[in-house]
Structure formats: C-alpha cells, structure tokens
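The values are calculated or read from the model by the stated rules, or taken from the named source; none is laboratory data. The structure presented is a predicted model; accordingly, all values stated were derived computationally and were not measured. For neighbour counting, all protein chains shown are included, and Cβ atoms are generated from backbone atoms with ideal geometry for every residue, glycine included.
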Amino acid sequence: MIGVVTGDIVNSTNISVSDRDRLLSVLNALLVNSVPLGERDSAIFRGDSFQMKLSQPGQAARVALSIRSGLMHNTPAGESALWDARISVGIGEETYVGEDVGKSDGEAFRLSGQRLDDMKDARLSFLSSSDFVNEELAIEGAFVDDIVSHWSRNQAFVAYQYFQADVPTQQAIARKMRVTAQRINQLYHTAKVPLILQFLVRFENIVTSLLS
C-alpha cells in the first residue's frame, strides 16, 4: 500500500508572469525537501499540477501540509493572495510501477485523482478504500483544512518548521524570522500547530491500521 499526493496550484492563472519561475522553483524544492518524510517519486505537470508517490503512506498528510505551508510562506510580497494548493491524498495499492510517478497506476492513484476532481472549495482531502477511515478523515481533514486556509504568511512559516524531519527549536525559528521566541510561540499557538500535530499522529495511526 502506498500514498499518492496529487495537487494543483490555486488560482495559478492569477499569479504574475514574473513570479511563475519562482513558483515552480519553490514547488520543486518543496517536493525535493519532502524526502526525509517518505520516499520521493514526484513530478510537476503543466506548470501548476503535481503528484508524489510515498512508500510510507502514513506520512502523506504531513507531506501535504508541508507543501501547502511552504507555498504560503514563500509567497512574494506583491501577490494579492498567498500561494496555496488543492491537495488530495489517496491511500491504496499500486498495481503498475511505471518509469515515473506519472506513468504508474493503481488504486491509490485513482483515489487521489478522483478526490481532487470532486473537490470544490476544499483544499485538502483524503480518500481510501475504507468507508470507516474515509468518514473519520473527512471530518478531521475538514477542520485541518479550515485552519490551514486561514494562516498568515508568518503562521505558515512557523508551522512549516514543525512538519520537517528535524524540527528546530523556537529560538532557532526566531533567529530565522528575526523576531523574539515569544513571538514564535504566539504564532505557534494562533496557527493551532499543536492541534495539527495531533491530527498527523492520528492520521499515521489510522493508515497503520489499514496496513495491518
């Protein structure tokens, strides 16, 4: 069983031409930097869509939130809205391994693509072959999506740090942002990072139960 993360950039046509190259560079770096969170096999399509296969499906939610928060905090100051992505996570089998992720196939790929096609206002969703798991993740995922969709650039930057394999101290994050550790702690709590981290633990436990 694998995890497939499929997504596209929100309102990509509204992003200024001068920032397109930067967007692609940021997106590619985010996919590459997800390596410690799971085995990477990813691709970017048409400049605004992407897909990643993870051999550790329990890390799929963490990877999805790392991508979203990374896009948000890397948004240029001149943009009218923070960069973001609609992301669908499919959990299932892989029946055909192609030369790359774009040519592979299986239940996980179909579930991820199907869910992304069905998404309207949501920007984060999950789908597996288990109705019980889908019901739980639909509720929890909706709450997480609502929290993330209202982050500021600074909240996204702080949250991003906590989605990495090696989480820096708040003092280290403060030095990166050139603010006080107290300010980082405030952003940490207003972004509801502790609740997000609880969800990530629960997600991994749910996926583990699917694998057993």
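Points worth noting:
- Residue ID - surrounded by the fewest Cβ atoms within 10 Å (Cβ to Cβ), chosen from residues in the range 65-109 that are among the hydroxyl-bearing types (Ser, Thr, Tyr) and in a strand (DSSP E or B): 96
- Candidates 159, 174, filtered to the one that is free of Cβ contacts under 8 Å to residues at least 60 places away in the same chain and either in contact with a Ser or Thr (Cβ under 6 Å, 6 or more places away or on another chain) or within 19 Å of residue 70 (Cα to Cα) (or both): 174
- Whenever a residue of the range 1-30 is of a type in the set (Asp, Glu), its partners that are part of a strand (DSSP E or B), lying with C-beta atoms within less than 6 angstrom and at least six residues away or across chains, give the pairs 8/49; 8/86.
- Inside the range 194-212, residues that are under 18 Å from residue 164 (Cα atoms) and not aromatic (Phe, Trp, Tyr) make up a count of 9.
- Residue under evaluation residue 17, criteria (1) surrounded by 15 or more Cβ atoms within 10 Å (Cβ to Cβ); (2) more than 22 Å from residue 108 (Cα to Cα), criterion not met: (1)
- Among residues of the range 168-212, those that are in a helix (DSSP H, G or I), among the small types (Gly, Ala, Ser) and modelled with pLDDT of 95 or more, counted: 3
- Pick from the range 61-91, criterion small (Gly, Ala, Ser) and at pLDDT below 95, ranking: nearest to residue 131 (Cα to Cα): 81
- Selection within the range 110-136: residues that are over 16 Å from the mean Cα position of the chain (by Cα) and either of a type in the set (Phe, Trp, Tyr) or assigned to a strand (DSSP E or B) (or both). The member of this set that is farthest from residue 204 (Cα to Cα) is 132.
- Scanning the range 118-176 for residues that are closer than 17 Å to residue 74 by Cβ and among the aliphatic types (A, V, I, L, M) turns up 148, 156, 158, 159, 173.
- For the range 120-145, a tally of residues being buried (at least 16 other Cβ atoms within 10 Å of the Cβ), among the hydrophobic types (A, V, I, L, M, F, W, C) and closer than 18 Å to residue 84 by Cα returns 4.
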